[in-house]
Amino acid sequence: MALPEIEKISRLIDAIRDFVAKDARAAFEEYRLDTYDAPCLSSWDALQWFELVQDWEIVDFLISGDKEARRLMKSLQALLKWYGQKDIDNMHRRLRVMSMMN
């Protein structure tokens, strides 16, 4: 299966960034985590992917399991962890600043 166009991959990355911002914020607000526990993207089914990206070409590619899809999935997983941890760290930083101001 061919790698989708770069514009579609770019929209996928944007969707991952938006997803993790909400997920990390919710986890932080509920548990005050120090470390972001990213969901395992390779366990997502087609409907979960479609809910995120609204593009069947991307979904079909991601769940195809071929070599390029697995490589992209690994990159997306690393990106998810990086974005999530960055968001958690930023939330902790904001809390520290707010506590210093009080």
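The values are calculated or read from the model by the stated rules, or taken from the named source; none is laboratory data. Quick caveat: nothing in here was measured; it's all calculated off a predicted structure. So basically every Cβ, Gly included, is an ideal-geometry build from the backbone, and we count neighbours across all protein chains shown.
Laid out as a table, the results:
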{"quantity": "Residue in the stretch 40-55 that is charged (D, E, K, R), in a helix (DSSP H, G or I) and at pLDDT 95 or above present", "calculated": "yes"}
{"quantity": "Filtered residues of the stretch 49-67 (kept if surrounded by fewer than 15 Cβ atoms within 10 Å (Cβ to Cβ) and within 22 Å of Tyr83 (Cα to Cα))", "calculated": "Glu51, Gln54"}
{"quantity": "Any hit, the stretch 76-90, residues being of a type in the set (A, V, I, L, M), surrounded by 11 or more Cβ atoms within 10 Å (Cβ to Cβ), over 14 Å from the mean Cα position of the chain (by Cα) and on the phi < 0 side of the Ramachandran plot", "calculated": "no"}
{"quantity": "Answer from Asp89, Asp34, Asp60 - the residue that is in a helix (DSSP H, G or I), over 25 Å from Ile6 (Cβ atoms) and either charged (D, E, K, R) or touching a residue at least 24 places away in the same chain (Cβ under 8 Å) (or both)", "calculated": "Asp89"}
{"quantity": "Cβ pairs under 6 Å, 6+ apart, first in the stretch 16-31 and over 13 Å from Asn90 (Cα atoms), second surrounded by 10 or more Cβ atoms within 10 Å (Cβ to Cβ) and modelled with pLDDT under 95", "calculated": "Ala27/Leu33"}
